[in-house]
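The values are calculated or read from the model by the stated rules, or taken from the named source; none is laboratory data. Here the structure is a predicted model, which means the values were calculated and not measured. All Cβ positions, glycine included, derive from the backbone under ideal geometry; neighbour counts span all protein chains shown.
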Amino acid sequence: MAYKDFFFRSCGYYSRRNHDQYLGLDVVAIKICIYARGASNKAGGTKEYIRAMTLAMIEEICEHDQLYIIHNFDKESFICKKDNVKEILLKSKNNIVCDFLLGPLKINRLNLDVIWFPKNVIPYFVNTKKIVTTHDLMAYFFSAHEYYNLVERIFRCITIKSSCKRANRIIAVSNNTKKDIVRILGIDPKKINVI
């Protein structure tokens, strides 16, 4: 149930009352969503991270909590027999359409307590508490021209900075990434957890 502590704290819901309820005096259910669109990438470490973390959340979710998984695979990909875990398919392979049109529409209909974006970007117009994982700020460095064309680089810089500013909580994958987020993006270090 460590996920619940993390999500409660990320939402700002963690008070003595919530803690007492969480310990069993009164059950507090939480509606969580993982925006797992990045797991549909062909390959890579981020894809594996998203897949592993989503499977871990499915395994750990309590029966009174609700977990939604939003992605753009062709079919349900996280086979689960739990009634409180639901997959929501985005019917597009276009990342921009998923992230900035279909995703926000689906997310806002769910009335969530919190949503986690495990791949750097939070779509605009999402009306709930937001957590984003920032893997790196490579687009901000000179060597990025080897990996991204100019338009991709500008787009990544804008969306990563905006996402970090709009997030209620940021997960950095290393202390170096946390330092970069603070130094380059000017984000308060108290808002960042290194996991």
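Numbers below:
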quantity: All positions within segment 61-84 that are under 21 Å from Lys119 (Cα atoms), surrounded by fewer than 19 Cβ atoms within 10 Å (Cβ to Cβ) and at pLDDT 85 or above; calculated: none
quantity: Filtered residue count, segment 68-98, keeping only those that are within 10 Å of Ile58 (Cβ to Cβ) and of a type in the set (Val, Ile, Thr); calculated: 3
quantity: Some residue of segment 103-110 being basic (Lys, Arg), exposed (fewer than 14 other Cβ atoms within 10 Å of the Cβ) and closer than 19 Å to Gly38 by Cβ; calculated: no
quantity: Selection from segment 152-195 of residues that are part of a loop (DSSP other than H, G, I, E, B) and crowded, with 19+ Cβ neighbours inside 10 Å; calculated: Ala167, Ile187
quantity: Ile30 more than 20 Å from Thr128 (Cα to Cα), within 16 Å of the chain's Cα centre (by Cα), surrounded by 15 or more Cβ atoms within 10 Å (Cβ to Cβ) and aliphatic (A, V, I, L, M); calculated: no
quantity: Members of segment 121-141 found to be over 21 Å from Asn111 (Cα atoms) and in a loop (DSSP other than H, G, I, E, B), listed by number; calculated: His135, Asp136, Leu137, Phe141
quantity: Only one of Thr128, Thr46 that is at pLDDT below 90, on the phi < 0 side of the Ramachandran plot and polar (S, T, N, Q); calculated: Thr46
quantity: Tally of residues being within 24 Å of Asn108 (Cα to Cα), more than 15 Å from the chain's Cα centre (by Cα) and among the charged types (D, E, K, R) across segment 34-84; calculated: 7
quantity: First in segment 42-68 and closer than 22 Å to Lys93 by Cα, second anywhere and assigned to a helix (DSSP H, G or I) and not basic (Lys, Arg), Cβ under 6 Å, 6 or more apart; calculated: Thr46/Gly38; Lys47/Ala39; Ile50/Gly38; Ile50/Ala39; Arg51/Ala39
